[in-house]
Structure formats: C-alpha cells, structure tokens
Amino acid sequence: MQVTFKVYRKDPEKDGKLSRSNYTLEVAEDATVLDSLLKIRDEIDSTLAFRGCCGRGYCGECMMRVNGSARLACTAKVPDYTKKGPEISLDPLRNVPVIKDLVFDWDAFMWNKIKAVKPWLEPEGSPVNGESLTSDAAMQDLRKVMSCFYCGMCDEGCTVLPVDFDFLGPAALTKAYRFAFDPRNKGSREQVKIVEKPKGIWDCVHCYEADEHCPRGIEPTKRIVALRDRAFNSGITHEAVARHHASFAASVKESGWLDEGRLAVESEGLTNVKGLMKLLPTAAKALVRGKAPIPYMHSKRPDADKIKKIFEKAEQEEK
Amino acid sequence: MKYAFYPGCVSRGGCPELYPSAVKVADKLGIELDELKSVGCTGAGVLPQNISDPINARTFAKAEQLGLPIMTICSTCTGVMAQANYRLKEDPNYREKVNKEFLADEGLEYKGTTEVKHLLWVLFEDYGIERLQSLIQRPLKGLKVSPFYGCYLRRPPEAITPTKELNRRKSYLDELIGILGAEMADISGKGKCCGFPILSANEENSLAMVAKHTGESKENGADFMVTPCPLCHLNLDGNQQRAEAQTGKEIDLPILHLPQFVGLALGFDPNEMNLKRHIVSTGDVESKVNMIS
C-alpha cells in the first residue's frame with residue numbers, strides 16, 4: 001500500500017526552524033510506523049532522526065505522536081492509521097524539548113525528574129548476602145508499578161505539564177510511590193516529603209489522564225492519590241496545602257459538609273493579609289451577585305454528629 | 001421517575017444559582033427529587049479514601065434504604081462517589097469491613113446496590129432524549145457553545161465508563177449541544193481538568209488552565225461554555241478575570257451550568273435560571289436567548 005508520512009522536522013544545526021517533510025512510499029500491509037521510518041531513512045532521506053530499539057513494544061524508545069496521539073511506533077500498524085486516507089502525521093511528544101526531528105530530550109522530559117525523587121531503596125537492618133529480602137505477598141502491590149518501562153505515555157497525557165514543564169509528572173511520581181510504599185524502605189516518609197515539595201504530588205490535578213494513557217495499566221494517578229493520602233494521614237508538610245486540607249477536614253468533621261467561605265479564607269491563612277487581600281476583588285464581585293459564602297455562618301447537616309464519629313474513627317484507625 | 005438527590009455543597013454555597021435552577025428543571029421534566037439531607041460531604045478528592053469511603057458508604061446506604069438511585073448535579077461529587085462505590089461494590093470484603101466498623105453503630109448496612117448518576121447521565125440513560133426533545137420550547141438556534149465536562153465525569157474508566165456502551169458518556173455533553181438546537185464550538189481540553197483542584201497548591205498553574213480552556217473556546221467563536229461541574233464553574237467563571245490578568249489577554253466568556261443550559265431550551269427565562277449571579281457577565285447570552293423567544 002502507498003502511504004504519505006508527514007513528518008515533523010527540526011534541525012538545530014541548520015536554522016532550527018520547524019517544518020514538515022512529506023515522504024510517499026510503498027509499505028507492506030502489516031508494516032508498523034517504525035518499519036516505515038526505517039525504510040524512509042534507508043531509502044529516501046538519511047537525515048531523518050528518530051529513536052527505535054526493541055521493535056516489540058517493550059523498551060519505550062520509539063514513543064511519538066501518530067496522527068496526533070502518543071503511540072509506540074513499533075506497535076502502531078500502518079493500516080490502523082490510514083482508515084481516513086493514505087496519510088499519517090508523525091510528531092514528537094507534546095511539551096518536550098525537541099533535539100532533532102522526532103528525537104526529544106528524555107533527560108529533561110523524564111530522567112532528571114525521576115532522579116529527583118530519590119529512586120532507590122534504603123533498607124532497614126543489614127542486608128543478608130547483599131540482599132534485602134521480604135515476602136512475596138508484601139511486594140504484590142508494587143509488582144505492577146515495577147513493570148513501568150518508562151515510555152513517557154503518562155507524562156504525554158498529563159494535564160499539568162502543558163502549563164508547567166517543571167511539574168515532576170506522573171512517571172516520576174509513580175517511581176516515588178514504588179519506593180515510598182516498599183515495605184523495606186526505612187526512609188519512606190522522607191520520600192513522601194520530597195514529592196510534597198512544590199511541583200510534586202500537590203500540583204497534580206488527579207484527572208486520571210495518566211491512567212488512561214499508561215499502556216501497562218500501572219494507574220499512575222491512583223499511586224499519586226495514595227501518596228497524597230499517606231501525606232494527609234501522617235501530616236502534610238506543604239504549607240498552603242496543609243492549611244487547605246486542615247480547613248476542609250475540620251469543616252466536614254464539625255458540620256458534615258463543607259463551609260466554602262471558611263475554606264477560602266483559611267486556605268490563604270487567617271494572618272496572611274496579602275493572601276486575603278488577593279481574594280477581595282473576586283469576593284466583592286461575588287457579594288454583589290449574592291454568591292459569596294460567608295465564612296463561619298454555616299449550618300450543620302442533620303446527623304453531623306454521626307458523620308463526625310465516622311470521620312474520627314477512620315482517622316484513629318490510620319494512626 | 002424519582003431519585004435520591006445529592007446536590008453537593010457548591011450548588012448552594014459558591015454557586016447558589018445552581019441548586020434552584022436544577023430543581024426547577026427537574027420539576028419541569030417531571031423528575032421527582034427526594035433530597036438526601038442527613039448525609040456527609042463526598043470528600044471531593046481532598047479527604048483521603050480511608051475517611052471518605054465510609055462517609056460515602058453511609059450515603060449509599062441511606063439511598064438504598066429509600067430504594068432510589070442517587071442523582072447529582074456535580075461532576076466532582078459524581079466522580080468521587082462513583083469511585084468509592086466501585087471499590088465497595090467490587091470488593092465484598094471491603095464493604096463488609098466498612099459496614100462493620102463504621103455503619104453498624106447506626107444500624108445501617110450498605111448492600112452494594114446503589115447507583116450514582118449525574119443529571120447529564122440521567123437525561124440520556126433514564127429520561128430519554130426523545131422525551132427531552134418533545135419538551136424543548138426554545139431551541140437555542142444561533143448560539144455557539146463549548147462543552148466542558150469536568151474531569152471527574154470522564155475517568156477513571158472502571159467507575160465512569162465501565163462498559164463499551166457507557167463509553168458514550170464521554171460525548172453526552174457534545175450531543176446535548178446539538179439536541180438543544182445550539183451549535184458546537186469544540187475545544188481540545190473539554191475532558192481535561194479546569195485547574196480548580198490545585199488552586200491552593202499552585203495558583204499560577206490553575207489560572208493558566210482557566211486561560212487555556214476559556215481562551216480556546218473564545219477563539220473558536222463560542223457564546224458561552226457549559227459545564228456539569230460547579231467546581232469547574234468556580235474556577236472558569238469565578239477566576240476568569242484573574243486568569244485574564246495573569247495572561248494579559250481578554251477572554252470574557254460566560255460559563256453556564258448544565259441545568260441552566262437545559263432550562264433555557266425548556267423555555268425558562270434567563271432570570272429564572274439565575275444567570276445574573278455569575279461573575280462573568282451573561283448579558284450577551286441573555287440578549288441572544290431573548291431574541292429567540
């Protein structure tokens with residue numbers, strides 16, 4: 001079958017400007033996008049830069065956008081992408097610094113962030129014959145997480161990275177989970193503190209895009225939520241988030257539901273004049289429109305005492 | 001047709017225009033609402049699961065006693081409850097533990113039969129689009145509308161779109177725009193996060209998301225955006241002017257709640273749908289709507 005590949009091009013050694021090259025070629029019915037790229041490079045244009053390695057969907061090297069969606073080029077079959085016509089667009093992942101053509105900067109995209117979460121084990125006690133052993137059952141939960149092959153799909157789907165490239169991202173935060181939840185790790189609380197810093201777990205919007213993108217079913221968002229729950233239960237160290245969560249929890253505990261006015265002022269901090277001033281323009285407009293919830297004027301839900309009892313019991317159990 | 005109604009705190013707190021609009025629309029459609037008053041907050045993704053799951057289990061048990069499915073008017077309430085319900089239904093041991101430790105004291109038990117549905121899902125799955133169409137008195141012709149779902153109404157699949165058929169939930173709002181006679185002004189981020197959950201942790205990123213979604217909608221010619229999530233509304237409407245200040249770009253895009261949008265097509269006056277209570281002026285929308293009738 002004849003297919004035209006419209007490929008993103010950028011050459012920093014020339015003018016570094018973005019362009020697109022069109023390559024029309026004959027490919028086999030069962031060809032993958034990676035097969036096609038190799039053919040283009042061998043037969044048409046040896047200057048085209050892309051990555052590829054295992055060819056079996058294992059290593060994650062050939063991640064790129066095929067017709068706009070992130071895919072592994074080695075498992076993306078050409079006929080699956082030509083149903084609307086014999087053209088396929090190929091682009092690097094979004095929001096990553098491109099080095100050349102389809103090759104992007106993995107260090108900036110992921111590895112530097114993974115390094116930042118201290119991705120290693122500091123086991124309690126002394127290793128036996130160089131090994132830190134634990135039971136098979138204790139590692140069950142982590143098995144799935146350990147199957148991550150760093151393809152970057154979760155980061156590609158992330159909602160936060162397009163507005164803030166410095167956000168650690170789901171891949172690195174999932175790596176943090178892997179060690180924070182390792183039963184042998186004595187420094188697990190330390191690990192949670194690292195990802196509690198700005199650009200970490202509290203910057204995640206938990207929109208579950210990452211889970212939808214992960215080809216291994218690792219569910220990065222659920223891992224991030226677990227890290228957050230652990231931080232909540234052992235005392236949040238991020239100041240603004242701690243204020244927000246403490247106010248939220250107190251109002252649900254005391255009244256059964258949320259006092260939004262109280263949450264707005266307590267999230268800024270009652271002594272934070274600058275922060276409270278910032279709320280004023282919106283609060284004034286909301287007041288005029290009759291929609292500003294007045295703090296501490298909040299009535300209790302019927303059965304608030306029963307909800308409080310459940311809340312306190314759950315808190316107690318976690319401690 | 002009757003539901004255990006869970007309106008959520010924002011529909012009477014930060015977005016007090018939502019609750020009365022939803023009640024009026026339900027009444028006009030003939031959907032009977034039995035409001036759950038003695039139940040707690042869902043946790044909104046802020047409280048950890050070990051605390052919010054038992055509180056939600058109590059809500060499900062109360063609805064189960066009434067023999068009614070739960071209807072919400074908030075994507076976040078729906079999503080958090082649907083996820084908790086999935087865990088409680090899927091794992092009988094977990095449900096038994098929650099029942100024993102937290103609900104038994106009150107003589108309650110959650111058997112795992114309660115369904116949680118957003119009004120948007122109710123319209124398509126229970127009420128029926130033909131029935132809705134037969135009640136339209138003011139097709140919203142000439143209005144261009146962008147959909148914004150609220151991410152909790154899209155994912156995770158096991159709780160939100162558990163079957164191939166229910167995968168259609170991801171396009172209900174798109175479909176509804178056409179059904180009510182309006183024109184679609186599509187945006188790439190309609191299923192993404194509005195930024196509200198990180199307003200405390202990272203305001204700059206949160207406002208950047210507001211600017212991204214509303215800016216794209218405006219560029220695509222939308223008269224307004226419609227959302228089934230009042231938390232999205234708080235950020236997209238309430239903080240839009242701060243997002244404009246941060247980006248230095250004027251946006252000025254009205255954001256309507258789902259029941260307001262439906263209500264206008266059902267023939268309600270914009271004032272009856274409390275449009276004047278929004279932060280971003282809805283004046284142009286009101287004029288256009290009034291021209292139709």
Pull up the range A:176-193, narrow it to residues that are surrounded by 17 or more Cβ atoms within 10 Å (Cβ to Cβ) and touching a residue at least 60 places away in the same chain (Cβ under 8 Å), then point me to the one that is farthest from A:VAL241 (Cα to Cα).
A:ARG184
For the range A:170-181, state whether one or more residues are within 14 Å of chain B (Cβ to nearest Cβ), of a type in the set (A, V, I, L, M, F, W, C) and either under 16 Å from the mean Cα position of the chain (by Cα) or farther than 27 Å from B:LEU47 by Cβ (or both).
yes
Looking across the range B:24-36 at residues that are out of contact with any strand residue (DSSP E or B) (no Cβ under 7 Å at 6 or more places or on another chain) and in a helix (DSSP H, G or I), the single one that is surrounded by the most Cβ atoms within 10 Å (Cβ to Cβ) is B:VAL25
Scanning the range A:288-299 for residues that are more than 37 Å from the chain's Cα centre (by Cα) and more than 7 Å from every other protein chain (Cβ to nearest Cβ), which turns out farthest from B:GLY43 (Cα to Cα)?
A:VAL288
Starting from residues that are outside any helix (DSSP H, G or I) and more than 10 Å from chain B (Cβ to nearest Cβ), keep the ones in the range A:212-229 and report whichever is nearest to A:TYR177 (Cα to Cα).
A:ILE218
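What's the total number of residues in the range A:11-28 that are at pLDDT 95 or above and of a type outside the set (A, V, I, L, M)? Don't jump to the end; show me each part of the working.
From the range A:11-28, those at pLDDT 95 or above are A:20-28; that's our starting set.
Retained after the next criterion (residues that are of a type outside the set (A, V, I, L, M)): A:20-24, A:26.
Here the count works out to 6.
Show me the strands (runs of 3 or more DSSP E) entirely contained within the range A:21-121 in which 3 or more residues are within 17 Å of A:MET1 (Cα to Cα). Even if it seems obvious, please write down each step before you answer.
Working: elements: A:63-66, A:69-72, A:87-91, A:98-100.
Where strands (runs of 3 or more DSSP E) fall fully within the range A:21-121 and carry at least 3 residues being within 17 Å of A:MET1 (Cα to Cα), they are A:87-91.
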Scanning the range B:1-23 residue by residue, the ones that are within 12 Å of chain A (Cβ to nearest Cβ) and outside any helix (DSSP H, G or I) total 12
Boolean, B:LYS288 is open to solvent by 10 Å² or more (accessible area, probe 1.4 Å), at pLDDT below 95 and not in a loop (DSSP other than H, G, I, E, B):
no
Starting from the range A:230-243, take each residue that is in contact (Cβ under 8 Å) with a residue 12 or more places away in the chain and more than 10 Å from every other protein chain (Cβ to nearest Cβ) and list its partners that are open to solvent by less than 40 Å² (accessible area, probe 1.4 Å) and charged (D, E, K, R), counting only C-beta distances under 8 angstrom and pairs at least six apart or across chains.
A:ILE236/A:GLU196; A:THR237/A:GLU196
Residue among B:PHE102, B:PHE124, B:PHE148 that is touching a residue at least 24 places away in the same chain (Cβ under 8 Å), open to solvent by less than 10 Å² (accessible area, probe 1.4 Å) and either out of contact with any Cys (no Cβ under 7 Å at 6 or more places or on another chain) or within 14 Å of chain A (Cβ to nearest Cβ) (or both)
B:PHE148
Within the range A:1-20, the residues that are among the β-branched types (Val, Ile, Thr) and not in a strand (DSSP E or B) are none
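Let's see how each residue does on (1) in contact with a Phe, Trp or Tyr (Cβ under 8 Å, 6 or more places away or on another chain); (2) within 11 Å of another protein chain (Cβ to nearest Cβ):
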residue	(1), (2)
A:SER251	yes, yes
A:TRP257	no, yes
A:GLY261	yes, yes
A:LEU270	no, no
A:MET277	no, no
A:PRO281	no, yes
A:ALA286	no, yes
A:ILE307	no, yes
A:GLU317	no, yes
Selection from the range B:47-89 of residues that are among the β-branched types (Val, Ile, Thr) and either more than 9 Å from chain A (Cβ to nearest Cβ) or touching a Pro at 6+ places or on another chain (Cβ under 6 Å) (or both):
B:THR59, B:ILE70, B:THR72, B:ILE73, B:THR76, B:THR78, B:VAL80
Among (1) part of a loop (DSSP other than H, G, I, E, B); (2) over 17 Å from the mean Cα position of the chain (by Cα); (3) over 18 Å from B:SER281 (Cα atoms); (4) more than 8 Å from chain A (Cβ to nearest Cβ), B:GLY221 falls short only on (3)
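Return the residues of the range A:137-174 that are part of a helix (DSSP H, G or I), among the acidic types (Asp, Glu) and modelled with pLDDT of 90 or more; say none if nothing qualifies. Step through it out loud before you land on a result.
From the range A:137-174, those part of a helix (DSSP H, G or I) are A:137-146, A:153-157, A:169-174; that's our starting set.
Now drop any that are not among the acidic types (Asp, Glu), which leaves A:141, A:155-156.
If the condition is that a residue be part of a helix (DSSP H, G or I), among the acidic types (Asp, Glu) and modelled with pLDDT of 90 or more, then A:ASP141, A:ASP155 are the ones that fit.
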Could you check the range B:271-285 and list, in sequence order, the residues that are under 18 Å from B:ARG138 (Cβ atoms), open to solvent by less than 70 Å² (accessible area, probe 1.4 Å) and touching a Lys or Arg at 6+ places or on another chain (Cβ under 8 Å)?
B:MET273, B:THR282
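Out of B:VAL226, B:VAL289, report the one residue that is in contact (Cβ under 8 Å) with a residue 60 or more places away in the chain, closer than 30 Å to A:VAL241 by Cα and touching a Pro at 6+ places or on another chain (Cβ under 9 Å). If you could, list the steps in order and put the result at the bottom.
Numbers: B:VAL289 fails: closer than 30 Å to A:VAL241 by Cα.
It is B:VAL226.
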Run down B:LEU236, B:LEU207 and say which single residue is modelled with pLDDT of 95 or more, open to solvent by less than 10 Å² (accessible area, probe 1.4 Å) and facing another protein chain (nearest Cβ under 10 Å).
B:LEU207
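Checking the conditions here, which among A:GLU312, A:GLU317, A:GLU254 is in a helix (DSSP H, G or I), modelled with pLDDT of 90 or more and surrounded by fewer than 16 Cβ atoms within 10 Å (Cβ to Cβ)? Give the derivation first.
On the way: A:GLU317 fails: modelled with pLDDT of 90 or more; A:GLU254 fails: surrounded by fewer than 16 Cβ atoms within 10 Å (Cβ to Cβ).
Only one candidate qualifies: A:GLU312.
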Regarding A:GLY235, is this residue at positive phi and in contact with a Gly (Cβ under 6 Å, 6 or more places away or on another chain)?
no
Can you name the number of the only condition in (1) among the polar types (S, T, N, Q); (2) within 26 Å of B:ASN85 (Cβ to Cβ); (3) surrounded by 16 or more Cβ atoms within 10 Å (Cβ to Cβ) that B:SER171 fails?
(3)
Looking at the range A:30-60, which of the residues that are under 26 Å from the mean Cα position of the chain (by Cα) and among the charged types (D, E, K, R) is modelled with the lowest pLDDT?
A:ARG56
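Within the range A:185-200, which residues are under 15 Å from A:ILE114 (Cβ atoms), assigned to a helix (DSSP H, G or I) and modelled with pLDDT of 90 or more?
Of the range A:185-200, the ones under 15 Å from A:ILE114 (Cβ atoms) are A:191, A:194-195, A:199-200.
From the residues that got through so far, the ones that are assigned to a helix (DSSP H, G or I) too are A:191, A:194-195.
Listed by number, the residues that qualify are A:ILE194, A:VAL195.
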Has the range B:181-199 got at least one residue that is assigned to a strand (DSSP E or B), under 21 Å from the mean Cα position of the chain (by Cα) and among the polar types (S, T, N, Q)?
no
For residues that are within 14 Å of chain A (Cβ to nearest Cβ) and surrounded by fewer than 20 Cβ atoms within 10 Å (Cβ to Cβ), tally how many sit in the range B:253-269.
0
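The values are calculated or read from the model by the stated rules, or taken from the named source; none is laboratory data. Fair warning: this is a prediction, and the values are worked out from it, not measured in the lab. Cβ coordinates were reconstructed from backbone atoms using ideal geometry, including for glycine residues, and neighbour counts include every protein chain displayed. Areas reflect the complete protein model, heavy atoms only, side chains present, ligands, DNA and RNA absent. Shrake-Rupley method; radii C 1.70, N 1.55, O 1.52, S 1.80 Å.
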